[in-house]
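Accompanying notes for the structure given below.
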Amino acid sequence: MMAARQLPEVLDVQDDLFHVGQYETYRHLLRERPLAKVRFYDGRELWMVNRYEDVQFVLRDGRFSNDPTKFADLSFAVTAGVPDGMEDYFYRNMLRLDPPDHTRLRKLVSRGFTPRRIAELRPRIKEIVDDLLCGLEEKGSSQPVDLMAEFAYRLPVAVICELLGIPKEDHDRFRDWTAIVVSNDPEVQELKPDSYRGLMNFVLELIHERFHHPGNDLLSALVQMRDNEDRLDDAELVSMVFLLLVAGVETTVNLIGTGAYLMLTHPEQADFLRGKPDYMAGAVDEMLRYFAPVEITTRYVAEEVSFGGTVVPAGSLILINLSAANRDPERFPQADTFDVARGDSGHLTFGSGVHFCLGAALARLEGEIALDGLLRRFPELSMAVPESELRWRRAFLRGLDELPVRTHGPACTTDTPTGSHAQ
């Protein structure tokens with residue numbers, strides 16, 4: 001057990017302690033090291049906050065900055081593999097800006113994510129889910145099918161591409177670019193520059209097309225949006241689309257895939273939800289709490305701050321352990337128990353304060369419809385490999401590489417709703 005094991009004084013983010021059975025590490029940190037010293041990818045030693053109260057404080061307090069340009073010696077663009085000269089096209093979005101720049105962008109972009117607009121997407125998302133589930137049945141009744149590739153990935157990609165007005169024939173290319181640029185896998189690092197360039201050039205072409213020929217899609221709306229004389233420029237638009245892809249695709253992929261995994265490994269919880277579908281929205285929040293798709297995020301310390309007597313100097317990069325905070329027993333009773341009837345949506349997976357995720361409602365809606373459809377359609381869904389053979393990404397954007405399953409489902413009927421853009 002982790003409690004009896006002596007952890008190193010400085011933990012390395014690339015060590016198995018953060019990637020294999022990491023929740024044992026987090027339990028130890030919650031008990032013993034609410035502020036832990038960690039070695040980052042580039043070798044620097046950073047502080048990491050772990051407890052719920054401290055994490056919420058960092059996310060909400062104005063002394064912590066999201067803007068890397070304010071700290072010249074720190075460059076996430078270089079770490080992320082962004083080619084020289086292209087930083088603005090991927091880092092001038094709400095995620096990497098502070099007020100008032102953040103406020104300006106959020107005010108403009110939030111018009112595309114009103115509660116009404118999100119609610120209007122429900123029928124179309126349901127249609128795409130039904131179409132994908134039919135495809136799963138055809139492939140998975142006689143042989144294993146990868147739920148990640150055939151369902152968890154395809155739904156968010158179809159939804160965000162339709163929202164942005166991206167042609168169906170470009171969906172797979174869009175998904176491949178995104179998967180490469182967010183990956184920490186050493187084998188794909190050399191592919192990142194070309195993926196960033198491909199993504200940037202493709203989005204720029206779409207922007208210019210929508211400027212001259214606007215359609216009824218979110219990208220057209222973003223291109224045309226104005227607040228008096230204020231509007232998004234090309235770099236801000238590309239950066240915003242990139243943020244939508246990461247936040248709207250990769251995290252939702254992991255929510256759906258991990259949610260399915262939790263249903264498969266907690267059959268009593270799955271049976272409960274089949275009989276009580278009104279609990280599905282709360283169940284999605286419990287999935288987000290229990291296995292956060294984004295485990296660790298970052299902030300810069302704009303002004304010197306103290307945690308329990310430990311001073312963190314201005315200019316420091318600090319790590320925020322969302323997953324540990326979501327398992328803090330001081331905030332969540334029986335925090336290590338997965339309970340779809342918990343009824344507590346106070347997790348920090350979508351952040352808190354001014355940077356609370358703008359796409360949270362859309363991610364929740366996709367997860368709710370996808371997992372409800374999966375449970376209803378395939379009551380005998382089972383894993384096709386032992387749980388021990390599943391591989392999780394060695395990254396803090398956490399998810400399964402593959403989830404092989406057998407559907408054991410009924411044949412699709414001719415009256416099954418079918419969407420034209422889900423494949």
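The values are calculated or read from the model by the stated rules, or taken from the named source; none is laboratory data. Quantities reported herein were computed from a predicted structural model and do not represent experimental measurements. For neighbour counting, all protein chains shown are included, and Cβ atoms are generated from backbone atoms with ideal geometry for every residue, glycine included.
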I'm trying to understand the selection: among the residues of segment 356-371, which are assigned to a helix (DSSP H, G or I), within 14 Å of the chain's Cα centre (by Cα) and farther than 13 Å from residue 285 by Cβ? 362, 366
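Looking at 122, 92, 117, which is the one that is under 30 Å from residue 316 (Cα atoms) and in contact with a Leu (Cβ under 9 Å, 6 or more places away or on another chain)? I'd like the intermediate steps shown before the answer.
On the way: 122 fails: under 30 Å from residue 316 (Cα atoms); 117 fails: under 30 Å from residue 316 (Cα atoms).
None of the other options fit; the residue is 92.
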Select from segment 129-182 the residues that are free of Cβ contacts under 8 Å to residues at least 24 places away in the same chain and of a type in the set (Gly, Ala, Ser) and list them in ascending order. 142
Looking at 182, 188 in this structure, which one is modelled with pLDDT under 90 and surrounded by 18 or more Cβ atoms within 10 Å (Cβ to Cβ)? 182
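Filter segment 383-399 for residues that are surrounded by fewer than 20 Cβ atoms within 10 Å (Cβ to Cβ), at pLDDT 90 or above, in contact with a helix residue (DSSP H, G or I) (Cβ under 7 Å, 6 or more places away or on another chain) and not acidic (Asp, Glu) and give the result. Outline the logic, then answer.
Filtering segment 383-399 for residues surrounded by fewer than 20 Cβ atoms within 10 Å (Cβ to Cβ) gives 383-395, 397.
Keeping just the survivors that are at pLDDT 90 or above gives 383-392.
In the following step, the residues that additionally are in contact with a helix residue (DSSP H, G or I) (Cβ under 7 Å, 6 or more places away or on another chain) were identified as 383, 387.
Correct list: 383 only.
Go through segment 1-48 and count every residue that is part of a helix (DSSP H, G or I) and either basic (Lys, Arg) or in contact with a His (Cβ under 7 Å, 6 or more places away or on another chain) (or both). Talk me through it step by step, then tell me what you get.
Filtering segment 1-48 for residues part of a helix (DSSP H, G or I) gives 2-4, 16-18, 22-32.
Subset that is either basic (Lys, Arg) or in contact with a His (Cβ under 7 Å, 6 or more places away or on another chain) (or both): 2-3, 27, 31.
Here the count works out to 4.
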Considering only residues that are in a strand (DSSP E or B) and over 11 Å from residue 322 (Cβ atoms), look in segment 49-66 and name the one that is modelled with the highest pLDDT. 64
Being aliphatic (A, V, I, L, M) and either within 17 Å of residue 311 (Cβ to Cβ) or surrounded by 16 or more Cβ atoms within 10 Å (Cβ to Cβ) (or both) is the filter here; which residues of segment 13-58 pass it? 13, 17, 29, 30, 35, 36, 38, 46, 48, 49, 55, 58
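In segment 226-293, which helices (runs of 4 or more DSSP H) lie fully inside it and hold 3 or more residues that are under 24 Å from the mean Cα position of the chain (by Cα), aliphatic (A, V, I, L, M) and at negative phi? Before you say what the answer is, go through the steps one by one.
Values: elements: 234-245, 251-265, 267-275, 280-290.
In segment 226-293, 234-245, 251-265, 280-290 are the helices (runs of 4 or more DSSP H) which contain 3 or more residues that are under 24 Å from the mean Cα position of the chain (by Cα), aliphatic (A, V, I, L, M) and at negative phi.
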Here is a list: 284, 253, 223, 241. Which entry is β-branched (Val, Ile, Thr) and free of Cβ contacts under 8 Å to residues at least 24 places away in the same chain? 223
Based on this model, can you work out whether residue 176 counts as in contact with a Pro (Cβ under 9 Å, 6 or more places away or on another chain) and either assigned to a helix (DSSP H, G or I) or β-branched (Val, Ile, Thr) (or both)? no
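Where in segment 67-165 are there helices (runs of 4 or more DSSP H), lying fully within it, with 3 or more residues that are at pLDDT 85 or above and β-branched (Val, Ile, Thr)? Working first, answer last.
On the way: elements: 76-80, 88-91, 101-109, 115-119, 122-140, 154-164.
Correct list: 122-140, 154-164.
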Please go through segment 336-381 and give me each residue that is charged (D, E, K, R) and within 25 Å of residue 249 (Cβ to Cβ), ordered by number. 364, 366, 368, 372, 376, 377
Can you tell me how many residues within segment 381-399 are within 15 Å of the chain's Cα centre (by Cα) and outside any loop (DSSP other than H, G, I, E, B)? 2
